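Engineer: I have a structure I would like to understand better, so I am pasting it below and will then ask my questions one at a time.
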Amino acid sequence: MDHAQAPVLDALTDYHRADRYAFTPPGHKQGRGADPRVRAVLGEDVFRADVLATSGLDDRQTTGGFVAEAEELMADAVGAEQAFFSTCGSSLSVKAAMLAVAGGRGELLVGRDAHKSVIAGLILSGLRPRWVRPRWDGELHLAHPPSAAEVEACWERHPDAAGMLVTSPTPYGTCADIAAIARVCHKRGRPLIVDEAWGAHLPFHDDLPTWAMDAGADVCVVSIHKMGAGFEQGSVFHLQGDLIDPARLRACADLLATTSPNVLLYAAMDGWRRQMVEQGRDLLQSALDLAGELRAAVNELDGLRVMDGEFLGVEASHDLDRLHLVIDTTGLQISGYQAADWLREHAHLDMGLADHRRISAQLTFADDIHTGQRLVTALRALADAAPALPRPTPVALPDPTMLELDTVELPRDAFFGPTEAIPPQDAAGRIAAEQLTPYPPGIPAVLPGERINDAVLHYLVSGQAAGMAIPDAADGGLATIRVMCD
Ligand SMILES: Cc1ncc(COP(=O)(O)O)c(C=O)c1O
C-alpha cells in the first residue's frame with residue numbers, strides 16, 4: 001500500500017480547499033462561534049479541523065471511505081489483518097474486544113493485573129472473570145504479567161471460558177510472553193486479547209518487545225496517545241486470524257462508541273501511521289539511545305536507581321520496554337508520591353507513575369537531549385532536596401497472597417445490586433460493590449464482587465495517607481467504602 005498517503009489528513013485539506021461550510025454540528029462552525037478567549041488558548045486550527053466525519057469530511061453515505069482507508073493503511077503498517085479506529089480510548093477498545101469474544105454471558109480468563117477499563121467491561125457485560133494470577137513480586141511490591149503456565153492452569157480449571165485477556169506491556173513497561181500465552185489459548189481454539197495500551201510503538205522497532213500481532217494475539221488494543229503521537233483518546237484495535245468475527249467486533253465497538261467521533265483524533269492517528277512507516281525505526285532508535293543515556297545518567301545520581309534486571313526472569317516479566325524509566329526512590333528515603341509532587345512543584349515536571357517507592361518517566365520519540373537533560377537536572381535537584389523532606393508516611397504493604405481476594409459475586413451483580421457505604425474498619429469480610437483503584441497505574445486493588453480483607457484495607461487507607469490517589473472510590477477520602485448489602 002502507499003504509505004505516503006494520509007487519507008484523513010488529505011480529506012481535511014480538501015475540505016478547507018473547497019471552502020465547505022456546514023449547517024450541522026459542531027455548532028462552533030469552524031471556530032466562528034467560539035469565544036475569542038477560548039480560541040486564544042486552543043488555537044484557531046483546532047476548531048478548523050473539528051468537522052463532522054460523515055456529512056462533513058466525507059459525504060452523507062461515506063463514499064470517500066477516508067477513515068476506512070486510513071484503517072487499512074494502519075493494519076498494513078503493523079502487519080494486522082484489520083484495524084479499527086476508536087476515539088474513546090483503549091477504555092472502549094478493550095470492552096469491545098471482550099464483548100466480541102465472550103458476548104454477554106459466560107466466562108473470560110483475565111490476568112488480575114488488568115486495567116480498570118477491563119473491570120468496567122466485566123461489569124457492563126455480566127461476564128464472569130476467571131482470574132489468572134499475575135506473578136506477584138513480594139520484594140518489589142508489584143505484579144508481573146501472568147506466565148503461560150498460569151494461563152494453562154486456569155484453562156484446565158475453566159475449559160469453557162470464551163477466551164483470555166492479558167495486559168502487556170504493563171504501565172511499568174514489563175511484558176508477558178505473549179507468544180507462549182497465545183499458543184496455550186490456541187491449543188484450545190480460544191482467542192487471546194492483548195491489552196497493549198502501552199505498546200502502540202512496538203511494531204516499528206525490532207529492539208522493542210514483541211508486538212502482540214507478531215506474537216500471535218488475535219486482537220490487540222493500543223492507545224496511540226500513550227507511546228505514539230496521537231491526541232488523547234485515540235486508540236486502535238487490531239485483528240487477525242479467524243477466531244473473532246470482524247463484523248461482530250465492529251458491532252460491539254459501535255454499541256459503546258460515540259456517534260460524533262472527533263476527526264482531529266482520526267487525522268492524528270492517520271498521520272502518525274505515515275510518520276512511523278517512513279521514519280519510525282530511526283525515531284525510535286534515537287529514543288532508545290536517549291533512554292540508554294538517561295538510564296546511565298540517573299544511575300549516577302546518589303540515592304536514585306533505574307530499575308531494570310530485577311524486572312526480568314522466570315518468576316518475573318518476559319521482556320521490558322526500556323523507554324519507561326522506572327526510578328527507585330528508596331535510596332533518598334522518600335516515597336514515589338513525594339518525589340512526583342516535588343518534581344511537579346519545583347521542576348514543573350509531571351511523572352508517568354508514582355507509587356510508594358517509585359516514579360516513572362515515560363520517554364517517546366518526541367523526547368530529545370534537551371528534555372532528557374531537564375529530567376536529569378530535576379532529579380539531581382530532587383536528590384539534593386530529599387534530606388530536608390519529611391520521612392514518608394509508611395504504607396502497610398500486604399503480602400502478595402493477601403492481595404488475591406476471592407471473587408464471590410459477579411462484578412455486575414455486586415455493582416448494580418443493593419449497596420451500602422460503611423467505614424473501612426467494618427468492611428473486612430464484606431463484598432465490595434465498587435472498584436478501588438490506586439491511580440496510576442490504574443490496576444484495581446478491590447473489585448465489585450470481591451470479598452474485602454483487612455490487609456487490602458490497611459494498604460489502601462495507609463496508602464492514601466501516604467499520597468496514593470484512589471479516584472474511583474465513591475468516597476474519595478475513603479471514610480466509607482461501598483459494599484453489597486448483606
Ligand atoms: C493497561 C491499560 N489498558 C487500558 C487503558 C485505557 O486506555 P485509554 O486511556 O486510552 O482509554 C490504560 C490507561 O492507562 C492502561 O494503562
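Engineer: Considering only residues that are within 21 Å of Glu310 (Cα to Cα), of a type outside the set (A, V, I, L, M) and within 16 Å of the ligand (Cβ to nearest atom), which ones fall in region 115-150?
Structural biologist: Pro134, His144, Pro145, Pro146
Engineer: List, please: which pairs have Cβ atoms under 6 Å, are six or more places apart or on different chains, and start with a residue in region 432-447 that is more than 14 Å from Thr480 (Cα to Cα) and end with one that is of a type in the set (Asp, Glu) and surrounded by 21 or more Cβ atoms within 10 Å (Cβ to Cβ)?
Structural biologist: Cβ pairs passing all conditions: Ile443/Asp113.
Engineer: Now, a different point. Quickly run through region 389-408 and pick out the residues that are part of a loop (DSSP other than H, G, I, E, B) and free of Cβ contacts under 8 Å to residues at least 60 places away in the same chain.
Structural biologist: At the first step, the residues of region 389-408 found to be part of a loop (DSSP other than H, G, I, E, B) are 389-399, 404-406, 408.
Leu389, Pro390, Arg391, Leu405, Asp406, Val408 - these are the residues of region 389-408 that are part of a loop (DSSP other than H, G, I, E, B) and free of Cβ contacts under 8 Å to residues at least 60 places away in the same chain.
Engineer: I'd like to check something: does region 333-350 contain any residue that is within 21 Å of Gly138 (Cβ to Cβ), without any contact (Cβ under 8 Å) to a residue 12 or more places away in the chain, part of a helix (DSSP H, G or I) and open to solvent by 10 Å² or more (accessible area, probe 1.4 Å)?
Structural biologist: Within region 333-350, not a single residue is within 21 Å of Gly138 (Cβ to Cβ), without any contact (Cβ under 8 Å) to a residue 12 or more places away in the chain, part of a helix (DSSP H, G or I) and open to solvent by 10 Å² or more (accessible area, probe 1.4 Å).
Engineer: Further question on the same structure: Going through region 124-136 one residue at a time, which ones are in contact with an Asp or Glu (Cβ under 9 Å, 6 or more places away or on another chain) and open to solvent by less than 30 Å² (accessible area, probe 1.4 Å)?
Structural biologist: Start the filter on region 124-136 by keeping residues that are in contact with an Asp or Glu (Cβ under 9 Å, 6 or more places away or on another chain), which leaves 126-136.
Across region 124-136, the qualifying residues are Gly126, Leu127, Pro129, Val132, Pro134, Arg135.
Engineer: Just checking, how many residues over region 70-127 are of a type in the set (Lys, Arg) and more than 18 Å from Leu249 (Cα to Cα)?
Structural biologist: Going residue by residue through region 70-127, those that are of a type in the set (Lys, Arg) are 95, 105, 112, 116.
Narrowing further to those that are more than 18 Å from Leu249 (Cα to Cα): 112, 116.
Residues that pass the stated criteria total 2.
Table: residues versus (1) assigned by TED's automatic domain parsing to the domain that holds Pro191; (2) in contact (Cβ under 8 Å) with a residue 24 or more places away in the chain; (3) within 23 Å of the chain's Cα centre (by Cα).
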site	(1), (2), (3)
Arg37	no, no, no
Gly43	no, no, no
Val46	no, yes, no
Ala75	yes, yes, yes
Ser86	yes, yes, yes
Lys95	yes, yes, yes
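Engineer: Failed condition for Arg105, given (1) in a loop (DSSP other than H, G, I, E, B); (2) out of contact with any Lys or Arg (no Cβ under 9 Å at 6 or more places or on another chain), with all others met?
Structural biologist: (2)
Engineer: Moving to a separate point now. I need the helices (runs of 4 or more DSSP H) fully contained in region 1-102, keeping only those with at least 2 residues that are open to solvent by 40 Å² or more (accessible area, probe 1.4 Å).
Structural biologist: Working: elements: 7-17, 36-42, 44-49, 66-78, 89-102.
Of the helices (runs of 4 or more DSSP H) lying wholly inside region 1-102, those with at least 2 residues that are open to solvent by 40 Å² or more (accessible area, probe 1.4 Å) span 7-17, 36-42, 44-49, 66-78.
Engineer: Out of (1) within 16 Å of the ligand (Cβ to nearest atom); (2) open to solvent by 10 Å² or more (accessible area, probe 1.4 Å); (3) farther than 15 Å from Ser317 by Cα, the odd one out for Ala153 is which?
Structural biologist: (1)
Engineer: Among (1) away from the ligand (no atom under 14 Å from the Cβ); (2) touching an Asp or Glu at 6+ places or on another chain (Cβ under 8 Å); (3) of a type in the set (D, E, K, R), where does Arg112 come up short?
Structural biologist: Arg112 satisfies every listed condition except (1).
Engineer: Which residues, counting only those in region 103-117, are out of contact with any Ser or Thr (no Cβ under 7 Å at 6 or more places or on another chain) and either of a type in the set (S, T, N, Q) or open to solvent by less than 10 Å² (accessible area, probe 1.4 Å) (or both)?
Structural biologist: Residues satisfying the conditions are Leu108, Leu109, Val110.
Engineer: What's the total number of residues in region 409-439 that are open to solvent by 50 Å² or more (accessible area, probe 1.4 Å) and in a loop (DSSP other than H, G, I, E, B)?
Structural biologist: The number of residues fulfilling the criteria is 2.
Table: residues versus (1) touching a Cys at 6+ places or on another chain (Cβ under 9 Å); (2) within 12 Å of the ligand (Cβ to nearest atom); (3) among the aromatic types (Phe, Trp, Tyr); (4) over 19 Å from Ile244 (Cβ atoms).
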position	(1), (2), (3), (4)
Phe66	no, no, yes, yes
Ala75	no, no, no, no
Val78	no, no, no, no
Glu81	no, no, no, no
Thr87	no, yes, no, yes
Lys95	yes, yes, no, no
Ala100	yes, no, no, no
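Engineer: Same structure again: Taking the criterion of being open to solvent by 20 Å² or more (accessible area, probe 1.4 Å) and at pLDDT 95 or above, would at least one residue in region 457-471 satisfy it? Please lay out each step first, then the result.
Structural biologist: Our first condition is that a residue be open to solvent by 20 Å² or more (accessible area, probe 1.4 Å); within region 457-471, this holds for 458-459, 461-462, 464-465, 467, 469, 471.
This time we only want the ones that are at pLDDT 95 or above, so: none.
No - not one qualifying residue is present in region 457-471.
Engineer: For region 108-132, which residues satisfy the criterion of being touching a helix residue (DSSP H, G or I) at 6+ places or on another chain (Cβ under 8 Å) and assigned to a loop (DSSP other than H, G, I, E, B)?
Structural biologist: Passing the criteria: His115, Gly126, Leu127.
Engineer: Here is a follow-up. Tell me whether region 405-416 contains one or more residues that are under 24 Å from Pro438 (Cα atoms), out of contact with any strand residue (DSSP E or B) (no Cβ under 7 Å at 6 or more places or on another chain) and β-branched (Val, Ile, Thr).
Structural biologist: no
Engineer: Of the residues Asp399, Asp367, Asp328, Asp355, only one is open to solvent by 50 Å² or more (accessible area, probe 1.4 Å) and in contact with a helix residue (DSSP H, G or I) (Cβ under 9 Å, 6 or more places away or on another chain); which? So that I can check it myself, show each step before the final result.
Structural biologist: Values: Asp367 fails: open to solvent by 50 Å² or more (accessible area, probe 1.4 Å); Asp328 fails: open to solvent by 50 Å² or more (accessible area, probe 1.4 Å); Asp355 fails: open to solvent by 50 Å² or more (accessible area, probe 1.4 Å).
Exactly one residue qualifies, and that residue is Asp399.
The values are calculated or read from the model by the stated rules, or taken from the named source; none is laboratory data. Here the structure is a predicted model, which is why all the values come from computation and not from measurement. Here the Cβ is made from the backbone with ideal geometry for all residues, glycine too, and neighbour counts use every protein chain on show. Ligands, DNA and RNA are excluded from the accessible area calculation, which covers all protein heavy atoms including side chains. Shrake-Rupley method; radii C 1.70, N 1.55, O 1.52, S 1.80 Å.
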